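No lab work stands behind these numbers, since they all come straight from the coordinates. Values in this document were obtained by computation on a predicted structure and should not be read as measured data. Neighbour counts run over all protein chains shown; Cβ positions are idealised from the backbone, glycine included.
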Amino acid sequence: MSGMVTAIFTLSRAKDQHGPAIETFKSMWNNYMKVWDGRLGKQRYCAGGEVTIADFALYGVVARMKATQPALLESFANVARWTDEMAARPAVQRAMKF
C-alpha cells in the first residue's frame with residue numbers, strides 16, 4: 001500500500017501530470033480504504049480487539065496520506081476513528097517525532 005501512496009505523491013507532483021494514472025491510483029486507494037473502513041467498523045483494530053503490528057504498519061501509510069492529501073480519507077469514518085485512536089497512543093506520538 002505504501003507503494004500506491006508513493007505513486008500518488010509522485011504523479012501528483014510531476015511537472016507533466018498524467019490525469020488518468022493519478023485517478024487510477026486514487027481509485028485503488030479508495031478501494032483499499034473501503035475495505036479497511038468496513039473492517040474497522042466491525043472491530044477496534046485491524047486484526048481484532050487488540051493492537052498488532054498490522055495497525056502500526058497501516059497507520060504509517062494512513063497518517064502520511066492524512067497529512068498530505070486529507071481529501072482521500074474524508075469519507076471513511078471508521079478509519080478516522082482508528083487513526084485518532086492510534087495517534088493518541090504515547091508510543092505512536094514518540095515514533096512520529098522520530
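Take each of the peptides 88-94, 50-56, average the number of other beta-carbon atoms within 10 Å over its residues, and list them starting from the highest.
The peptides rank, most packed first, as 50-56, 88-94.
Using 0.36 nm per residue of separation minus the Cα-Cα distance, give me the extension gain between Ala91 and Gln17 in nm, one decimal.
Result: 22.9 nm gained on full extension.
Under unit Cβ charges (Lys, Arg +1; Asp, Glu -1), what dipole magnitude, rounded to 20 debye, does the chain have relative to its Cα centre?
The dipole magnitude comes to about 180 debye.
To the nearest 0.05, what FRET efficiency results for Met28 and Asp84 with a Förster distance of 30 Å applied to their C-beta separation?
Approximately 0.75, to the nearest 0.05.
What Rg and what Dmax come out for the chain when only alpha-carbon atoms are used, in angstroms?
Cα-based Rg and Dmax for the chain come out at 14.1, 45 Å.
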